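Just below is one structure, and these are the notes that go with it.
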Amino acid sequence: MTTTEPLRVIQADGGVNGYDPGLSEPELVHCYRTMLLVRAFDAICLKLQRAGRIGFSIPNEGIEATQVGAASALRKSDWIFPSYRDFGMALYHGVPPLEMMHNMFGDARDGAKGRQMPVHFSFAEPIRFVSISSPIGTHIPQAVGAAHAARLREEDTVVLASFGEGGTSSLGFHSGLNFAGVWKAPVVFLCQNNGWAISCPAEEQTASDGFAIKAEAYGMPGVVVDGNDLLAVRKVTLAAVERARAGDGPTLIESKTFRMGGHSTSDDPKRYVPAEQVELWKKRDPIPRFEKFLEASGLIDAAKTAALRKEVEEEVAVAARAAEQVGPPGLETIFSDVYATIPAHLRKQGEELFDLGRRRGDAHAGDGKFPL
Amino acid sequence: MATLTLLQAINDGLRTAMKDDPTVLVFGEDVGKKGGVFLATENLQRDFGANRCFDTPLSEDGIIGTAIGMAMNGLKPVAEIQFQDFIFPGFDQIVSEAAKLRYRSGGQYTAPLVIRTPFGGGIRGGLYHSQSGEAYFCHTPGLKVVVPSTPHDAKGLLLASIADPDPVIFLEPKALYRSVKGEVPEGSYTVELSTLREARPGKQVTVFCYGAMVPVTLKAAEEAAATGVDARVVDLRTLLPLDEDGVLEHARSTGRVVVVHEAPRFCGFGAEISALIAEHCIEYMEAPVVRVTGFDTPFPNTLEHHYLPDHRRVLDAIERVAHF
C-alpha cells in the first residue's frame, strides 16, 4: 500500500518510456510556461522586496514541478487548500499574475483587501484556491470537511490539501488524516518534503522512515514521488484524484523536492543549509528537466523557450507596475467582512477612527519591513 | 405550546432545523446512537439518518476543522463539543480560522457553523467539566457568542444561530439543562441575536447576567424585593456582538448596576460591562458597578457551591449597590 522509492517518469535524456501524460501539446507547454511564470514572479518579488517596495515574499524555486504537476491533475470544480508555497497551482488554473500582485502590494484591488501579509492569497475563481492562513496544518482538517461535504452532497468534487513536511508534525495533520481515513473522504494529501521547515531539516520532524509511511496508520495508501519530475507528480496525483473521485478514499503523497531559496525573504538559508546540498539539488532543477522532455518530444526549441521566458518576465513586470499604482484599500475595509453585516460596535469604532483622521490627520504607515 | 426542559428545547431546535433545512448536519463525539452525553441530540440519528447526525473520532480539532470545511462547501454544520472545557484543541480552528475566514478572504470564503457546547458549573464536574470560557471567545472578532437561559430562548436562539451567516459559539448552561422548564412554541421561530431580555422589571438596580446565573439572580431579586429593593434582571443572551446601547439604556435608567457571571473576575465579561458604563454613562451612575463572579482560581469540585455565585452573594451585591 505504501511506496518508499520515489516514482520517476522523465529520464535523463528527456524520454518517458512511452508514458502518456494525457495532456495535449498546448497543455504540456502551458505546464512549462506556468513553471517559468512562478520563477519569474518569484524573481520580481525578491527584487521588489529588496528595494523596499513590498514587505515580504516566499520563494518557490525548486518546487515548481510539484505545484504544477499536482494542479494539472485537478478539475476547475475541485478545491485546493494550499500552503503558503503553492501559488503555482493557482497560476496553472488561470489566476492572472496581476491578481497576485495586488496581494503582494496589499492594495485596494487585492481580493483579501490588503488584510493579509503578501503571498497569503485567496481566490474563488477560476478554481477554489482557499485563503491561505499562516498557522501550520489548520487547513488540513478543513480540506477533509470540504471533501466530506462534497460527498454528502453527492458531488464528485475532489479536494487537494497541500503542506510541507514540517506540517506533518501539526495537530491538523493528525486529525485531518485520521478523519479522512475514517470517513473515506475524497481528499488528496500532498506533503511537499522540501527538506527544510524554516531552519529545521526534515529528519528533525519525524522518526518515521519518511513521510509517506505515515499513511498506513491512517488506513490509506502512501506514495513517494520525485517532486522535481512534473510528469511523475502528475501521474501519482492523477491516480490519487481518480481514486478519491471514485469514492475509494484519500491518499497521502510525499513529493520529494528541495526549497532552493530561503523560507522567506526574511530568512537567510546560508546560515543552516549545507552548500553541497544546494549544489546537488541545483542539478535536479525541475524546469530544465521538463524542458528536456518537451525538446525530446519536439514541442519546444531554444527560440520558443527564450520567447516564453521573455513573455512571462514582461507579464509579471507589467503586473507589478500596475499593482504599485493602485494604492491602499479604504479605511472602511478595516471594519467590513468581520461579520456578514457590520455590527453596531464596529460602526462606532469606525466612526471614531474616521473622526480622528478628520481632526488630527491620518496615521503614518510603517516602513513595511517585516521584522524578522 | 409544549412545556419543555432547556435540554428538550435544544433537541427540538436541532430537530426543527434539520427538518426545515437539508444542509443542516449534527455531529460530534457520541452524538449519534447515544444522542450525546446529555442526550441533547437524542434520536436525531434515528430520525434523520447517519449522514445527517453522526459520531466523529475523538478530536475537537478535527470536529471543528472539518466543520469549517463543510461550512465553506455549502453545508450548515452544528458541531457539538462534549464539554466546553475540552474545546481548546479546537481553539486554533475557532480563533485563527472560523473567526477570520471571511475577513482574510475578503468575503470569498465563509464559515457559517454553530458550535454547541455545555458550559458552566453546578454538576460537581470539577476543573474540567465546569468552566465558563466565554471571555476567550468574546475576545475574538468574527465570532458570535450566544448563551440561552430559558427553554424558549434556547430553541429560538439556536435556530437564529443556525440561520446566521457567521460562526456562532452556542454556550449551553448545563446546570439548567433539566432544572428549568418553560413553554416552547412548536415549529420554527427565532429569537434575534444581539438582543437583551428583561427577565424581571425593576427600578432601583439593574443586574446583568446570563446562562445559569439568570435563575440565581432572579431568586436574589425576589429576596431583595422582600427587603424593599426593586431590582431589574437583564439576561444578556448574546455576549458578542453585545447590544451595547441596550446595556447602557438599562444602566442609565437605574443608575445602579451589578454584573453576575460564573467565570473568573479578571478580564471577565463583567469587566466589559463595567468599562462600557464607565466610558459612556458614568454621569448617570449613583454607585460603583459591582461584579459578582467566580474566583480567579481553577474551578473546585467539592466546594463548587462556594465558588459559584449564589443568591446570597448576588443579594449582597444588590443591597450594597442600592444603599451606596
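The values are calculated or read from the model by the stated rules, or taken from the named source; none is laboratory data. Bear in mind the structure is a predicted one, so any value in this text is a computation, not a measurement. In this analysis, Cβ positions are derived from the backbone assuming ideal geometry, glycine residues included, and neighbour counts consider all displayed protein chains.
Out of the residues in the range B:10-25 that are outside any helix (DSSP H, G or I) and aliphatic (A, V, I, L, M), which is surrounded by the fewest Cβ atoms within 10 Å (Cβ to Cβ)? For the range B:10-25, the residue satisfying everything is B:Val24. Residue pairs whose Cβ atoms lie under 6 Å apart, sitting 6 or more positions apart in sequence or on different chains, and linking a residue in the range A:5-23 that is at negative phi and modelled with pLDDT of 95 or more to a partner that is surrounded by fewer than 18 Cβ atoms within 10 Å (Cβ to Cβ) and of a type outside the set (A, V, I, L, M, F, W, C), are A:Val9/A:Tyr19.
Yes or no: B:Val214 under 27 Å from B:Asp85 (Cβ atoms) and among the aliphatic types (A, V, I, L, M)? Criteria met by B:Val214.
B:Gly121 passes every criterion in (1) within 18 Å of A:Phe179 (Cα to Cα); (2) more than 7 Å from chain A (Cβ to nearest Cβ) apart from (1). Is at least one residue of the range B:58-75 of a type outside the set (Ser, Thr, Tyr), in contact with a His (Cβ under 8 Å, 6 or more places away or on another chain) and free of Cβ contacts under 8 Å to residues at least 12 places away in the same chain? The answer is yes; a qualifying residue exists.
The residues in the range A:56-81 that are under 14 Å from A:Val158 (Cα atoms) and either buried (at least 24 other Cβ atoms within 10 Å of the Cβ) or within 14 Å of another protein chain (Cβ to nearest Cβ) (or both) can be counted, and the count is 8. Looking at the range B:196-240, the strands (runs of 3 or more DSSP E) lying wholly inside it that each contain 3 or more residues that are in the same structural domain as B:Val314 (by TED's automatic domain parsing) and over 18 Å from B:Glu172 (Cβ atoms) sit at B:205-209, B:231-235. Per the listing B:Ser161, B:Ser132, the residue uniquely crowded, with 22+ Cβ neighbours inside 10 Å, under 13 Å from the mean Cα position of the chain (by Cα), not in a loop (DSSP other than H, G, I, E, B) and not basic (Lys, Arg) is B:Ser161. Out of the residues in the range B:261-282 meeting the condition of being of a type outside the set (A, V, I, L, M) and in contact with a strand residue (DSSP E or B) (Cβ under 6 Å, 6 or more places away or on another chain), tell me which one is nearest to B:His250 (Cα to Cα). Here the residue is B:Gly270.
Take the conditions (1) of a type in the set (Gly, Ala, Ser); (2) buried (at least 19 other Cβ atoms within 10 Å of the Cβ); (3) in contact (Cβ under 8 Å) with a residue 24 or more places away in the chain; B:Ser253 misses just one of them, which is (2).
Pairs meeting the criteria (first residue in the range B:80-98 and over 19 Å from B:Ser161 (Cβ atoms), second residue surrounded by fewer than 20 Cβ atoms within 10 Å (Cβ to Cβ) and not hydroxyl-bearing (Ser, Thr, Tyr), beta carbons under 7 Å, at least 6 apart or on different chains) are B:Asp92/A:Pro135; B:Ser96/A:Pro135. Just one of the listed residues (B:Pro300, B:Pro288) is over 19 Å from B:Lys203 (Cα atoms) and not aromatic (Phe, Trp, Tyr), and it is B:Pro300.
Exactly one residue out of B:Gly69, B:Gly49, B:Gly36, B:Gly74 is closer than 26 Å to A:Arg153 by Cβ and in contact with a Ser or Thr (Cβ under 8 Å, 6 or more places away or on another chain), and it is B:Gly74. Which residue is surrounded by the fewest Cβ atoms within 10 Å (Cβ to Cβ), if the candidates are limited to the range B:164-178 and must be farther than 16 Å from B:Leu14 by Cα and out of contact with any Pro (no Cβ under 8 Å at 6 or more places or on another chain)? Selected residue: B:Arg178. Quick one: is B:Phe88 surrounded by fewer than 19 Cβ atoms within 10 Å (Cβ to Cβ), among the aromatic types (Phe, Trp, Tyr), closer than 30 Å to B:Asp296 by Cα and more than 8 Å from every other protein chain (Cβ to nearest Cβ)? Answer is yes for this residue.
Of the residues making up the range B:62-85, those that are more than 30 Å from B:Arg124 (Cα to Cα) and either within 7 Å of chain A (Cβ to nearest Cβ) or of a type in the set (Gly, Ala, Ser) (or both) are B:Gly65, B:Thr66, B:Ala67, B:Ile68, B:Gly69, B:Met70, B:Ala71, B:Met72, B:Asn73, B:Gly74, B:Leu75.
Restricting attention to the range A:70-101, the residues being over 24 Å from A:Arg115 (Cα atoms) and in a helix (DSSP H, G or I) number 3. State whether the residues of the range A:314-334 include one that is in contact with a Leu (Cβ under 9 Å, 6 or more places away or on another chain), within 14 Å of chain B (Cβ to nearest Cβ), surrounded by 15 or more Cβ atoms within 10 Å (Cβ to Cβ) and of a type outside the set (A, V, I, L, M). Within the range A:314-334, not a single residue is in contact with a Leu (Cβ under 9 Å, 6 or more places away or on another chain), within 14 Å of chain B (Cβ to nearest Cβ), surrounded by 15 or more Cβ atoms within 10 Å (Cβ to Cβ) and of a type outside the set (A, V, I, L, M). Candidates A:Val316, A:Val338: the one that is outside any helix (DSSP H, G or I), modelled with pLDDT of 95 or more and touching a helix residue (DSSP H, G or I) at 6+ places or on another chain (Cβ under 7 Å) is A:Val338.
Of all residues in the range B:91-103, which are within 7 Å of chain A (Cβ to nearest Cβ), closer than 19 Å to A:Phe121 by Cα and surrounded by fewer than 24 Cβ atoms within 10 Å (Cβ to Cβ)? Those that are within 7 Å of chain A (Cβ to nearest Cβ), closer than 19 Å to A:Phe121 by Cα and surrounded by fewer than 24 Cβ atoms within 10 Å (Cβ to Cβ): B:Ser96, B:Tyr103.
Within the option set A:Gly247, A:Gly222, being more than 15 Å from the chain's Cα centre (by Cα) and at positive phi holds for one residue only, A:Gly247.
Mind counting the residues in the range A:146-178 that are facing another protein chain (nearest Cβ under 9 Å) and touching a strand residue (DSSP E or B) at 6+ places or on another chain (Cβ under 8 Å)? Residues in the range A:146-178 being facing another protein chain (nearest Cβ under 9 Å) and touching a strand residue (DSSP E or B) at 6+ places or on another chain (Cβ under 8 Å): 7 in total.
Within the range A:185-210, the residues that satisfy the criterion of being within 15 Å of A:Ala143 (Cβ to Cβ) and either of a type in the set (Asp, Glu) or in contact with a Lys or Arg (Cβ under 8 Å, 6 or more places away or on another chain) (or both) are A:Ala185, A:Pro186, A:Gln192. When the range B:260-312 is filtered for residues that are of a type in the set (Phe, Trp, Tyr) and at positive phi, nothing remains.
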